[in-house]
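Chemist: Handing you this structure, nothing more for now.
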Amino acid sequence: MFEIEDISVKKLYFYTTAGCHLCEQAEEILRTLPKKLNVSWESVDISESDILISRYGTRIPVLHVVSTGMEKGWPFSKEEILNWLQSD
């Protein structure tokens with residue numbers, strides 16, 4: 001079955017890995033983003049890919065906007081993420 005994706009939703013990849021306390025802090029920030037931003041995010045465990053480990057291993061947690069490729073690495077606050085997402 002064909003699904004039409006809501007183009008008004010901004011999709012993020014959240015690059016992370018198990019046991020990363022900074023990633024846990026970043027995930028808490030993501031969970032508190034206002035629903036009106038229409039942001040969805042998907043966790044991607046970098047340990048499952050040598051390419052992702054090479055690219056993000058020392059930078060996680062990292063947020064990646066799928067539509068534009070913009071990235072934001074740790075550290076960041078909720079306010080910084082709100083401003084960053086609205087500048088896109």
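The values are calculated or read from the model by the stated rules, or taken from the named source; none is laboratory data. All figures in this text were calculated on a predicted structure; none of them were measured in a lab. Ideal geometry is used to build each Cβ from the backbone, glycine not excepted, and the neighbour counts take in all protein chains shown. Ligands, DNA and RNA are stripped out before the accessible areas are found, and what is left, the full protein with its side chains, is counted by its heavy atoms. Shrake-Rupley method; radii C 1.70, N 1.55, O 1.52, S 1.80 Å.
Chemist: To the nearest 20 debye, what charge dipole does the chain have about its Cα centre, counting +1 at the Cβ of each Lys and Arg and -1 at the Cβ of each Asp and Glu?
Modeler: Around 280 debye, computed over the chain.
Chemist: Taking only the alpha carbons of region 45-88, what extent do you get along each of the three principal axes, in Å, biggest first?
Modeler: 32, 22, 12
Chemist: Ok, one more. Which value, in Å³ per residue, describes the convex hull spanned by the Cα atoms of the chain?
Modeler: Taking the convex hull of the Cα positions in the chain, it is 119 Å³ per residue.
Chemist: Residue farthest toward the positive end of the dipole of the chain, with Cβ of Lys/Arg at +1 and Asp/Glu at -1: which of C20, P34, T58?
Modeler: P34
Chemist: A follow-up question, please. Per-residue HN-Hα couplings for region 61-77, Karplus 6.51 cos²θ - 1.76 cosθ + 1.60 at θ = phi - 60°, whole Hz, x for Gly and Pro?
Modeler: x, 10, 9, 10, 7, 4, 5, 10, x, 4, 10, 9, x, 5, x, 8, 9
Chemist: Pull up the DSSP beta bridges for the chain and report the antiparallel fraction as a percent, rounded to 5.
Modeler: Of the beta bridges lying entirely in the chain, close to 50 percent run antiparallel.
Chemist: How big is the gap, in Å, between the Cα center of region 10-54 and the Cα center of region 65-88?
Modeler: 12
Chemist: 5 Å is the cut-off here: which amide hydrogens, built 1.01 Å from N in the peptide plane, fall below it relative to K11, excluding neighbours closer than 5 in sequence?
Modeler: Amide H neighbours of K11: S40, V66, S67.
Chemist: Any idea of the accessible area per residue across the chain, 1.4 Å probe, to the nearest Å²?
Modeler: With all protein chains present, the chain gives 68 Å² per residue.
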